[in-house]
Amino acid sequence: MKFAKIVRGTAIVLALLVFGSIVALWLKPPELLRIAANFAAKSVCSNVFLAGRDPDEVLRTDVRLPGAAMLRLMRASVDRQERVVRAGLLGFIGDGMALARPDSGCAVVADGNLAFARQVGALAAASVTSVDLDAAARDPTAGGAAADAVWPDGESVTTNPALDRVLAADALAGPGVRAIVVVDHGRIVAERYSAGFSATTPLLGWSMTKSVIAGAVGALLKDGRLSLEQAAFWPKAAGDDRDRIRIADLLAMSSGLRFNEGYGAVSDITRMLYLQPDMPGYARAQPLEHTPGEYWSYSSGSANILSRIVQDAAGPVGANYPREKLFKPLGMRSAILETDEDGSLVGSSYMYATARDWARYGLFLMQAGVWHGQEILPAGYVAMMASPIAASGGRYGHGLVWVWGSDGKVDGQNPDREFGIPADTFWMLGHDGQSIAVIASRGLVVVRLGFTPRQDHYQPQPLVKALLAALP
C-alpha cells in the first residue's frame, strides 16, 4: 500500500513538472523553439499558398526533419480565408505565424503584429498597379509569345529520350529530387518530375535567390542607378569603417561584417530569417570584424542588405523591380521573390519559381544577361559575377555564384575538376540540394531542385557529367 502511494505521488509530481514545463514554454518560448515554430509556419504557408501543396504533406516532408526532435513535434493550422498559418510545438508552443500577402508570397510575422504585416502587404500590392512601365516589361507575352510557343518563349518542349534516361537514374538525380530541367542551346531537351510535382509547381531555390539579386543589381547598374564602387549607404560613424563597404564588397561576400551562417541552431541566419521583422536592418547592425573588401565570408546577411539597396534604388518600382526588370521580360510568370514582415525583399533565400522558370534565369545568365537581343545586364557583368574571389579559395565569384573553375577548393577538393566539368562552369546553389549549372562553352543549363539535406552528401556534378557525355 505504501509503495502504491509512493508511485502515485511520484506520478503526480512528474505530471506537475511536465505541465509546469509546458506552461513555461508556452508563456516564454526560448529562441530555438520560436525559430522552429516560425520555420514550420513559413514553410507551410509558402508551399500551400504559392505551390498549392497539401499542408500535412509539407509538414511531413519539408518540416519534420530526420534527427530534429523539436521539428518532428511541430503542428500547423492553415486559415485559408485569412491566409494565415500558425505553427508550434504540439500546435501551440512557440507562436509561429506566417501571412500570405498578394504578389509577395509569405512572410514570417516574427513580432506577432498581424495587422501591421497586412498593412505592409496592402501597400505593396497597391504599388504594383501604380507604376507605369514599358509594354515589354508589363506583359511577358509582348511581341507575340504565347503559352503554346516553344520554350523559353512558351511552354512547348520536346525531350530527348537518351537524356530522359539519364535523368531517370535515381543515383544521378539524388534522394529527394523534385524536378530536373536540362537546357541545350536554348531549348529544353530533358525533364524529370517526382510524384506530386510538375512543370507548373513553384519550388524554393533557397540561396539560388542570391544570384537573382545579383542580376537585379546588374540591371540597376545598366540603368545608371547604382555603381559597384559606391558605398553601400552607411553614414560615416566615428571609429568604424563600415561606410567603406561598397556594393562590390556585398556582391563578393567581403563586407567584413560578422555573420554566423550556421543552420540547425540559434545563429545569425536563423535569427534573421525567423525572428526579425526587418532582415536587412538586422544584417546591417552586425559588428564590423574585418576591413571591407579583404576578407571573404559567406553571408546571407549581405544578400539581404543588397536586396534592400535594390528596392531603394529602384524608386517607385521598389520591391517589384526584380519582377518588372527580370521576371517579366524573361517570361518567368511563376517567379515570386518573397518579402519580410517589413516589406524588404528576402534575396538571401526566398524565391519560388517553377523548374522551367529557374531554367530561364540560368539561360539568361548563360547568354551574358541578354534576352532576345535586349541587353538587360551591362556587358561583362556576368563574366564579373563568375570571376573567382581569391580570398574564397577560388570557389566563389564576385556576383553571388559558385565558381570552382580550375583552382577553387574546399578541404583540398574541387568537385568540378574531379568529375571533368568544364572550367567555365558556374553554379547557383541553394540549401537542401538546389542547383543550377551554367556552362556557356557547351550551351548547357542544368536545373536540379528537391529536398536533399546536406547529410545525404549529394553532389550534382555526376549528373552534369552524365548529361555532357550523352549530348552530341
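Listing for the model above:
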read-out: Conditions (1) within 25 Å of residue 261 (Cβ to Cβ); (2) surrounded by fewer than 24 Cβ atoms within 10 Å (Cβ to Cβ); number of the one not met by residue 361; value: (2)
read-out: Which listed residue is closer than 21 Å to residue 302 by Cβ and aliphatic (A, V, I, L, M), from 188, 180, 245; value: 245
read-out: Hits in the range 224-261 (condition: farther than 23 Å from residue 285 by Cβ and touching a helix residue (DSSP H, G or I) at 6+ places or on another chain (Cβ under 8 Å)); value: 225, 227, 228, 229
read-out: Residue pairs meeting the criteria (Cβ under 6 Å; at least 6 apart or on separate chains; first among the hydroxyl-bearing types (Ser, Thr, Tyr) and modelled with pLDDT of 95 or more, in the range 248-268; second surrounded by 20 or more Cβ atoms within 10 Å (Cβ to Cβ) and not in a loop (DSSP other than H, G, I, E, B)); value: 255/249; 255/302
read-out: Candidate set from the range 332-376 (those that are of a type in the set (D, E, K, R) and more than 25 Å from residue 155 (Cβ to Cβ)); member that is nearest to the chain's Cα centre (by Cα); value: 340
read-out: The lone exception for residue 231 - which of (1) over 21 Å from the mean Cα position of the chain (by Cα); (2) closer than 22 Å to residue 349 by Cα it fails; value: (2)
read-out: Condition met for residue 276 (out of contact with any Cys (no Cβ under 9 Å at 6 or more places or on another chain) and buried (at least 19 other Cβ atoms within 10 Å of the Cβ)); value: yes
read-out: Evaluation of residue 341 against (1) closer than 30 Å to residue 179 by Cβ; (2) among the acidic types (Asp, Glu); (3) surrounded by fewer than 20 Cβ atoms within 10 Å (Cβ to Cβ) (one fails), failing number; value: (3)
read-out: Qualifying positions in the range 419-451 - within 15 Å of residue 185 (Cβ to Cβ), touching an Asp or Glu at 6+ places or on another chain (Cβ under 7 Å) and not in a strand (DSSP E or B); value: 440, 441, 443
read-out: Neighbours by Cβ (under 8 Å, 6+ apart or cross-chain): first from the range 324-352, over 20 Å from residue 308 (Cβ atoms); second of a type in the set (Phe, Trp, Tyr); value: 329/371; 330/361; 330/364; 330/371; 332/361; 333/327; 334/352
read-out: Residue match in the range 291-314 (condition: farther than 22 Å from residue 253 by Cβ, buried (at least 22 other Cβ atoms within 10 Å of the Cβ) and assigned by TED's automatic domain parsing to the domain that holds residue 397); value: yes
read-out: Selected residue [within 21 Å of residue 198 (Cβ to Cβ), over 21 Å from the mean Cα position of the chain (by Cα) and not assigned by TED's automatic domain parsing to the domain that holds residue 450] from 62, 56; value: 56
read-out: Helices (runs of 4 or more DSSP H) contained entirely in the range 167-275, each with at least 2 residues that are out of contact with any strand residue (DSSP E or B) (no Cβ under 8 Å at 6 or more places or on another chain) and more than 21 Å from residue 457 (Cα to Cα); value: 208-222, 247-251, 268-275
read-out: Qualifying residue in the range 124-131 (condition: surrounded by fewer than 16 Cβ atoms within 10 Å (Cβ to Cβ), more than 24 Å from the chain's Cα centre (by Cα), at pLDDT below 90 and not in a helix (DSSP H, G or I)); value: yes
read-out: Of all residues making up the range 431-472, the number that are crowded, with 21+ Cβ neighbours inside 10 Å, in contact with a Leu (Cβ under 9 Å, 6 or more places away or on another chain) and of a type outside the set (A, V, I, L, M, F, W, C); value: 6
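The values are calculated or read from the model by the stated rules, or taken from the named source; none is laboratory data. Keep in mind the model is a prediction, meaning the values are calculated, not measured. Every residue, glycine among them, receives a Cβ derived from its backbone with ideal geometry; neighbour counts consider all protein chains shown.
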